[in-house]
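This report concerns only the one structure given below.
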Amino acid sequence: MLSTRTDSRVLGYLGRALSLELSAVQLYTTQARLLGIWGLVEESARFRKEVAEELGHAERIIGRMLALSVAPNASQLRPVKLGQNLQALLMYNLAFENELVQLYTQATHHCASIGDADSRVFFETLLNEEQAHAHELKQWLDRIEQPGMNEKSVHAR
């Protein structure tokens with residue numbers, strides 16, 4: 001089923017991306033449930049929204065792999081990391097999102113270097129979305145780190 005026209009590194013980037021995006025789905029689903037247990041309803045709802053976005057990324061990656069005549073295969077899901085409060089969750093999630101940004105940056109540069117414009121645009125679109133998400137997480141983290149922030153939003157009950 002492997003297309004001889006497809007660069008093996010592009011396929012490797014797609015496989016790693018699928019693994020990371022599905023790991024993000026697992027991570028945000030678990031954290032949304034945890035936040036619900038803590039009584040942080042709005043924060044839980046926001047994480048559930050992230051689940052849908054990351055699942056959408058995974059679906060697009062699967063579609064791209066199928067378009068390249070490659071069977072999708074997420075090789076390994078990351079273990080979920082939990083924290084004692086919202087701030088700890090956000091710090092871990094920001095690091096995770098930055099890892100996705102790094103992967104998509106590398107993939108975009110590689111595709112540009114081999115002249116694969118379609119794959120470059122595909123990865124560049126995911127890169128832009130993950131950069132925006134990392135920026136949102138950073139802003140959220142900055143807001144809860146401000147002095148006088150409502151303790152309910154920072155610490156678990």
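None of the figures in this text is laboratory data; all of them are computed from the coordinates on show. Note that this is a predicted model, so its numbers are computed, not measured. All Cβ positions, glycine included, derive from the backbone under ideal geometry; neighbour counts span all protein chains shown.
When the chain is fully extended, how far beyond the present Cα-Cα distance does Arg33 get from Arg48, taking 0.36 nm per residue of separation? Before the final figure, lay out the partial values.
Details: separation 15, 0.36 × 15 = 5.40 nm, distance 0.87 nm.
Working it through step by step, the gained length comes to 4.5 nm.
Looking at the range 1-97, which trypsin sites (Lys or Arg not before Pro) are in a loop (DSSP not H, G, I, E or B) and have at most 16 other Cβ atoms within 10 Å? Write out the running numbers ahead of the final one.
Details: sites: Arg5, Arg9, Arg16, Arg33, Arg46, Arg48, Lys49, Arg60, Arg64, Lys81; in loops: Arg5, Lys81.
Answer in residue order: Arg5, Lys81.
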Amide H to amide H, which residues 5 or more places from Arg78 or on other chains are under 5 Å from it, using H placed in the peptide plane?
Ser23
Can you find, among Leu55, Leu82, Val101, the residue sitting farthest towards the positive end of the charge dipole of the chain, where Lys and Arg contribute +1 and Asp and Glu -1 at Cβ?
Leu82
Label point distance in nm, Gln102-Ile114, each placed 7 Å from Cα along Cα→Cβ:
2.2 nm
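Which order do Val70, Val10 fall in if you start with the one that has the fewest other Cβ atoms within 10 Å? Could you put the intermediate results ahead of the total?
Numbers: Val70 18, Val10 22.
Ordered from fewest to most neighbouring Cβ atoms within 10 Å, Val70, Val10 come out as Val70, Val10.
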Mind running the shape call on the chain? Use the C-alpha gyration tensor, a ≥ b ≥ c as the square roots of the eigenvalues: rounded below 1.5 for a/c, prolate if a/b tops b/c, oblate otherwise.
prolate
